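Encoded as structure tokens, the structure appears first; notes follow it.
Every read-out reported here was derived from the displayed coordinates using simple, explicitly stated rules and does not represent laboratory data. Please read all numbers here as calculations on a predicted model, not as lab measurements. A quick note on method: Cβ atoms are made from the backbone with ideal geometry, for glycine too, and the neighbour counts reach across all protein chains shown.
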Amino acid sequence: MDGVPKHNADFGQTLGRWGVGSGAYLVLPFLGPSTIRDTAGLTVDTLAFDPIQYVDSPRVRNQLRMVKFIDLRSQYLPASDLLDEAALDPYTFMRDAYLQRREQFVTGKVSSNEFDDDDDDEEEAAK
């Protein structure tokens, strides 16, 4: 399979490409930020497409899920430190950052935000 590009995508991104809106922003206990669409995608990814689902031993399957969960949670620890240092309002900062990141994953581009017009206003005032 040489020459086949690798794509890391989840079912939430696939739903976004199919035109499904992101829905409300959520903060899932232990897992962190998400949206309705991404939570549905996470459910499909976990129950249908996760190879751990096909392990026959319930004990081993549950242990693998716990290790996967701990790994996922540990990925958020550095972001938590940055959030505490940089943000005046951590909730708003995390929400905006998450939604922009997911939009970039789905569309390949980040939408402009309300602060982009500030530069234009400064240029107009300088004239």
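A few points about this structure:
- Reported label for calculated P(r) over Cα pairs in 10 Å bins from 0, in percent given [x] 10, 30, 32, 18, 6, 2, 1, 0; [y] 14, 45, 30, 10, 0; [z] 11, 40, 37, 10, 1: [x]
- Computed extension length for Asp50-Leu83: 8.8 nm, one decimal, from 0.36 nm per residue of separation with the Cα-Cα distance subtracted.
- About its Cα centre, the chain has a charge dipole of approximately 1400 debye under the convention of +1 per Lys or Arg Cβ and -1 per Asp or Glu Cβ, with nothing else charged.
- 3J(HN,Hα) along the stretch 81-98: 5, 4, 4, 5, 7, 9, 9, 6, 10, x, 4, 5, 4, 5, 4, 5, 5, 5 Hz, from the Karplus curve 6.51 cos²θ - 1.76 cosθ + 1.60 with θ = phi - 60°, whole Hz, x for Gly and Pro.
- Counted residue by residue at 0.36 nm each, then reduced by the alpha carbon distance between them, the extension gain from Trp18 to Lys68 reaches 15.2 nm.
- Loop sites in the stretch 35-116: chymotrypsin sites (Phe, Trp or Tyr not before Pro), DSSP, at most 11 other Cβ within 10 Å: Phe49, Phe115
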